[in-house]
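Just below is one structure, and these are the notes that go with it.
The values are calculated or read from the model by the stated rules, or taken from the named source; none is laboratory data. Not measured: the values here are computed from a predicted model. Every residue, glycine as well, gets a Cβ built from its backbone with ideal geometry; the counts of neighbours run over all protein chains shown. Accessible surface is based on the protein model in full, side chains and every heavy atom, while ligands, DNA and RNA are left aside. Shrake-Rupley method; radii C 1.70, N 1.55, O 1.52, S 1.80 Å.
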Amino acid sequence: MNKITFCIPSKDNLRYLKNSVKSIRENSIIQHDIIVYVDGDNDKTSHWLDSEGITYLKNESDSPKGIAYAYNRCIEAATTPIVCMFHADMYMGKGFDIAILKYIKPSTVVSGTRIEPPLHPKGLEKIVKDFGMYPEDFTKEKFNDFVDKTISENKDIITKGIFAPWAIYKEDITSIGMHDEKFHSYHEDSDIFNRFILNGYEIIQT
């Protein structure tokens, strides 16, 4: 079974990152790799990552490098065949890596279905449901029950959407130049999604 490298940009959001890393470790079917790009460290993110034995890269300059740059450095550092773009404020539900590994193949991008709190607008590509707004009030048990129920009701259903978190073979994303760093931290995803389509990659959302 292939391992996945979770690529996570982080900028002074340790309280979220702790929850994110914990979810990957607890809810994965196998032990995947995690690489964090620390773009801001005023909250001592790197100190915590050291204590947890997590691989990270760190911005040593005075100005932020941006999400596109951070993802690219994590992708380059990955030693697994599959890389997954993950946000520091995401919580990985059980079954996510199973679905990625089930559908991933060359020239294919596989996305999970994101569950967002009511702060965000509704959309066909996601589920809007309240499990708490912050790590401190996150109702993990209710979330896990909802994920189990949703997976059971939607077994083997896929759509042609793309939305973070998404995974791809490292070879495929490097072959098209990875993220365009001119976008910094805005529309870098829209740009690379368009390039996936223009290069004939299959788009799958589980």
Counted residues in segment 130-141 being part of a loop (DSSP other than H, G, I, E, B), in contact with a Lys or Arg (Cβ under 7 Å, 6 or more places away or on another chain) and either farther than 16 Å from MET92 by Cβ or of a type outside the set (A, V, I, L, M, F, W, C) (or both) come to 0
Could you list, in sequence order, all residues of segment 49-69 that are part of a loop (DSSP other than H, G, I, E, B), over 30 Å from THR108 (Cβ atoms) and either in contact with a strand residue (DSSP E or B) (Cβ under 8 Å, 6 or more places away or on another chain) or not charged (D, E, K, R) (or both)?
GLY53, ASN59, SER61, SER63, PRO64
Go through ILE168, ILE162, ILE127, ILE157 for me and flag whichever is part of a loop (DSSP other than H, G, I, E, B), open to solvent by less than 60 Å² (accessible area, probe 1.4 Å) and β-branched (Val, Ile, Thr).
ILE162
Only residues that are open to solvent by less than 10 Å² (accessible area, probe 1.4 Å), of a type in the set (S, T, N, Q) and either assigned to a helix (DSSP H, G or I) or within 30 Å of TYR134 (Cβ to Cβ) (or both): list them for segment 75-115, please.
SER111
If you scan segment 113-156, which residues turn out to be of a type in the set (Lys, Arg) and in contact with an Asp or Glu (Cβ under 7 Å, 6 or more places away or on another chain)?
LYS126
Residue list for segment 139-154, restricted to those being open to solvent by less than 50 Å² (accessible area, probe 1.4 Å), touching a residue at least 40 places away in the same chain (Cβ under 8 Å) and of a type in the set (A, V, I, L, M, F, W, C):
PHE143, VAL147
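Conditions (1) touching a helix residue (DSSP H, G or I) at 6+ places or on another chain (Cβ under 8 Å); (2) outside any helix (DSSP H, G or I); (3) at pLDDT below 95, marked per residue:
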site	(1), (2), (3)
PHE6	yes, yes, no
ILE30	yes, yes, no
TYR37	yes, yes, no
HIS47	no, no, no
TYR71	yes, no, no
Applying the selection to segment 1-48, what residues are farther than 19 Å from GLU76 by Cβ and among the β-branched types (Val, Ile, Thr)?
VAL21, ILE24, ILE29, ILE30, THR45
Name the single residue that is modelled with the highest pLDDT among those in segment 171-189 being within 28 Å of ILE127 (Cα to Cα) and open to solvent by 80 Å² or more (accessible area, probe 1.4 Å).
HIS187
Any chance segment 93-107 includes a residue that's of a type in the set (A, V, I, L, M, F, W, C) and in contact with a Lys or Arg (Cβ under 7 Å, 6 or more places away or on another chain)?
no
Can you confirm whether PRO117 is modelled with pLDDT under 95, touching a Lys or Arg at 6+ places or on another chain (Cβ under 8 Å), on the phi < 0 side of the Ramachandran plot and not charged (D, E, K, R)?
yes
Qualifying residue in segment 192-201 (condition: part of a helix (DSSP H, G or I), in contact with a Pro (Cβ under 9 Å, 6 or more places away or on another chain), over 19 Å from GLY93 (Cβ atoms) and open to solvent by 50 Å² or more (accessible area, probe 1.4 Å))
no
Of (1) more than 14 Å from the chain's Cα centre (by Cα); (2) closer than 30 Å to ILE104 by Cα, ASN42 fails just (2)
